[in-house]
Structures are given as structure tokens and as C-alpha cells.
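Below is one structure, written out as C-alpha cells, with a few remarks after it.
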């Protein structure tokens, strides 16, 4: 008997073997899916950019010709370069301040004076990317507050027909109110109530966030109510048979069944909140994307239109990403793991 050990062989996957295992019909379906999901959107984007480039040349405004894709891209790069330059200035400022602190320590200055120098912050202008972060922070605060209020109200209204009948007229009255109508009221209330010598948040931030909250409430309340009221009656009968208390029934039966409708309301609320925020920041002068658009409009330079177009595209892209994020969150917490991203 031979004691030689036969070398092991490893079968590496090969594309030719993969393709040979597919029928022509399967290959055709896979190829059609690739075309539909990849090539068609690319073609549509190219056509859009071409029409934009051609159409922009024929639109004359008080600030010049409407900017095309190339001009908008140029200003996007400029905004990024401005951001980098501002960051370098901030680094240089703190380096100089550290040198002054070291000299003060060497000279035996008082600790109070040293602390005052150490606490001094760079006061350069906010860049376009800083304003993006401000807008995202503002909309998330307003959206989360609205969700914490709306979801419990929707659950209770869905479980009680009497309560829903009482609340529904208020929902239908306030739901169509424009954020531009809420904003003056919110501004006056915040100015009157939020009085502090050392405020934690600026009044412009609170005004924008509260306006977003007021406009985000209604889609979540309505969809949560519909989702809860539409829970399968057989499941509710099972909870009665098992004698589940109200909390257990809500957590184990009602919420899992109503999650798809709840997330539909949350997606609608987040989209509305993002749109509302831009208008609120314009008027409240919260240093976000809305203020950037307003400042560029007031500036009236030859590059203002292109910079506004950059902001418009960024606003649309962020809105798209927020919606995709909500869908991914829904898939992670919902029992329906096959939910399609649409």
C-alpha cells in the first residue's frame, strides 16, 4: 500500500462554468435586469444633462445665462476648495493660539487669562459643507421630536375609535397649514419664551426645528392610526384568549403588524420635513442650506445662479438618501425582510 499523500485539488469558480449552468432564458432575464437597473438610469441621466446643457443657453436672466452642468460642477469644486481653505485657516488659528498660550504660561500669566485664551473659538464663516451638516442636524431633531409625539398618538387613536373621532378634525385642520404660516407664530413664541443669557441653542435653530416638527406630525399620525386600526382581527382575538395586558398586546401584536404603515408615515414626514426646513432656514436665518440659497440670491454675483444650482442638487440628493435610509431601517426592524426599495 502506498503511503504517498495525494495533493488536494481546489475547484475555483469560473465564469464560463457559471454561464454554462444558465439557460438562455435565465441569461436573458439576468441581462435584461442589468440593463433595466443600471444602463437605463445612466442613459436617462445623460439625456437629462444634455437637455439641461442645451436649454440653459437659451435662458437669459438678470445675472446672465442660466448655468449649465459644466458651470455648476465648476462651482461645486470651488465650494469644496473654499471649505478646505477655511479648514486650513482654522488649524492655523488654533496653532497660533497654542503658541500664545505657551508664551503666557512661560511669562507666568494668571490661570484665568490662560483659560480665557484656551476657550477662544475660531469665528470664521461657515462653509457650504458646514451648512449641510447644520441642516441635517436641524431636520433630524425636528423629525425625531415629531415622531416621538406622533407615533404614540397614532397608536392610541388606532386603538380607540372614539378618540380618533375626537382628534381627526384637528388633524384635518392643521395638516394643510403651510410652514410659512407656522413660522411667524413659532418665531414670536420662541422669542418670548426662550430667554437666556447663555442659551444652549440659537433661536434660529429652535425656530427651524419646531417648524419642521409641526409639519412632520400629521403624516405619521395618520399612517400610524391606519396601520394600528388595520391589524388583523384574528390576532387581536388571540391576544384576548391569552389574556395579554394592554402593553404586551401593543408591543407583541399591534406594533409588529403596523410597522409597514408606520414607516410609510415616517418616510412621508421626513420628506416633508426636509422640504419645510429649507424654507424655514431662509426666513429664520438658521445657518443651513436654506440660508445659503437665500444669501446667494441676495448676493447677485455672476456665480450665484450656479452656486444655487449646486445647493438644489445637493438638497435633492440628500432627500433621496434620507428616504433610502428610512427604507433600510424599515427592512431591519420589520418582519417583512423582502421589502423592496422603491
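Computed quantities for the displayed model
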| item | result |
| --- | --- |
| Output for the stretch 329-342, where each listed residue is under 30 Å from residue 73 (Cα atoms) and either modelled with pLDDT of 95 or more or out of contact with any helix residue (DSSP H, G or I) (no Cβ under 7 Å at 6 or more places or on another chain) (or both) | 342 |
| Residues of the stretch 182-192 satisfying the condition of being surrounded by 11 or more Cβ atoms within 10 Å (Cβ to Cβ) and free of Cβ contacts under 8 Å to residues at least 24 places away in the same chain | 184, 185, 188, 189, 190, 191 |
| One residue from 49, 63, 79 being surrounded by 10 or more Cβ atoms within 10 Å (Cβ to Cβ), in contact with a helix residue (DSSP H, G or I) (Cβ under 7 Å, 6 or more places away or on another chain) and modelled with pLDDT under 80 | 63 |
| Verdict on residue 138 being out of contact with any strand residue (DSSP E or B) (no Cβ under 6 Å at 6 or more places or on another chain), exposed (fewer than 14 other Cβ atoms within 10 Å of the Cβ) and over 25 Å from residue 256 (Cβ atoms) | no |
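The values are calculated or read from the model by the stated rules, or taken from the named source; none is laboratory data. Not measured: the values here are computed from a predicted model. Virtual Cβ from ideal backbone geometry, glycine too; neighbours counted across all protein chains shown.
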